[in-house]
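The values are calculated or read from the model by the stated rules, or taken from the named source; none is laboratory data. What you see is a predicted model, and the numbers here were worked out from it, not measured in a lab. All Cβ positions, glycine included, derive from the backbone under ideal geometry; neighbour counts span all protein chains shown. Side chains are part of the model used for accessible areas, which takes the heavy atoms of the whole protein and leaves out ligands, DNA and RNA. Shrake-Rupley method; radii C 1.70, N 1.55, O 1.52, S 1.80 Å.
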Amino acid sequence: MTATTPAELRRAWVHRAPEDGVLALFRASAGMAGPIPAPWWLRAVADGKLDSREQGFRVEDRIAQLLGRRPGWEFVPWAADGESGYWEFMPSERGKSGHAIPTTVMNTDRHPGWIDVLPAHSGRTPDPIPVAGLAGLRSRLGEFEAVR
């Protein structure tokens with residue numbers, strides 16, 4: 001069965017095991033052979049930027065509640081190794097502007113808004129647009145959805 005929300009992906013050890021054990025293993029493994037695959041929220045918790053795994057889950061779930069009700073948005077469960085999936089605005093794919101890659105909303109540990117948006121594009125991947133949390137995403141959705 002294909003997951004339609006981030007919550008449906010939370011079946012692995014990293015999601016269910018005691019958080020202190022997950023964090024200890026991540027910290028012990030980090031840097032051994034470069035960055036290790038891990039969810040955005042685990043990197044943020046390990047860096048002291050996010051209080052808990054549960055707080056990260058809430059961020060993902062609120063995005064799912066917002067985008068899951070809007071036409072055109074689809075959750076993509078197969079992200080980079082360790083990541084939690086992302087959302088694509090399907091009308092922006094191969095729209096009037098000929099974009100091959102649709103507008104994409106993904107979680108990040110790069111900044112405290114926890115959300116990045118990649119505009120629809122072809123060719124070189126543009127820099128992600130940092131978004132100021134769920135309120136910032138909600139207020140800018142019209143802008144992000146206008147690119148077709």
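Run the dipole for the chain about the Cα centre, Lys and Arg Cβ at +1, Asp and Glu Cβ at -1, nothing else charged, and hand back the magnitude in debye, nearest 20.
Details: 18 positive and 18 negative charges, 56 e Å.
That gives a dipole near 260 debye.
Apply the Karplus parameterisation 6.51 cos²θ - 1.76 cosθ + 1.60, with θ equal to phi minus 60°, to every residue of region 32-45 and state each ³J(HN,Hα) to the nearest whole Hz, in sequence, with x for glycine and proline.
Along region 32-45, the couplings run 5, 9, x, x, 9, x, 7, x, 3, 5, 5, 4, 5, 5 Hz.
Take the alpha-carbon centre of region 1-49, take the same for region 114-148, and report the distance between them in whole Å.
25
Answer with a single label: of [x] 0.93; [y] 0.98; [z] 1.07, which was calculated as Rg/Rh (Cα atoms, Kirkwood Rh) from the structure in view?
So the calculated entry is the one marked [y].
Can you run phi through the Karplus equation (6.51, -1.76, 1.60; θ = phi - 60°) for region 79-92 and list ³J(HN,Hα) in whole Hz, with x for Gly and Pro?
9, 4, 3, x, 7, 9, x, 7, 10, 10, 9, 4, x, 7
Heavy atoms only, 1.4 Å probe, whole protein assembly: order TRP87, TRP13 by accessible area, highest first.
Numbers: TRP87 15, TRP13 130 Å².
Greatest to least solvent exposure: TRP13, TRP87.
Keeping every protein chain present and rolling a 1.4 Å probe, give me the accessible area per residue for the chain in Å². Could you put the intermediate results ahead of the total?
On the way: 8160 Å² over 148 residues.
With the other protein chains kept in place, the chain gives 55 Å² per residue.
Can you pull the accessible area of LEU25 for me, 1.4 Å probe, Å² to the nearest 10?
Accessible surface of LEU25 is approximately 90 Å².
If Lys and Arg each add +1 and Asp and Glu each add -1, what is the summed charge of the other residues whose beta carbon sits under 10 Å from the beta carbon of SER52? Don't skip to the answer; put the middle values down first.
Values: positive: ARG53, ARG58; negative: GLU19, ASP51, GLU54.
Counting the neighbours of SER52, the net charge comes to -1.
Check ALA79: other-chain or 5+ apart residues with amide H under 5 Å from its amide H, H built from backbone geometry?
It is GLY85, by chain and number.
Tell me what the chain gives for mean residue ellipticity at 222 nm when only DSSP H runs of n ≥ 4 count, each as -39,500 (n - 2.57), the sum divided by the residue total, rounded to 500 deg cm²/dmol. Display every interim value, and only then the final one.
Working: 5 runs with 51 residues, N = 148.
-10000 deg cm²/dmol, from helical runs alone.
On the protein heavy atoms, probe 1.4 angstrom, tell me the percent of accessible surface of the chain carried by carbon and sulfur. Mind dumping the intermediate values first?
Details: 4400 of 8160 Å².
Answer for the chain: carbon and sulfur cover 54 percent of the accessible area.
Sort MET32, MET106 by heavy-atom solvent-accessible area, probe 1.4 angstrom, most to least.
From most exposed to least exposed: MET32, MET106.
Rounded, prolate or oblate: which one fits region 21-88, using the alpha carbon gyration tensor with axes a ≥ b ≥ c (rounded when a/c is under 1.5, else prolate when a/b beats b/c, else oblate)?
Details: a/c = 3.73, a/b = 1.83, b/c = 2.04.
Oblate, since a/c reaches 1.5 and b/c is not below a/b.
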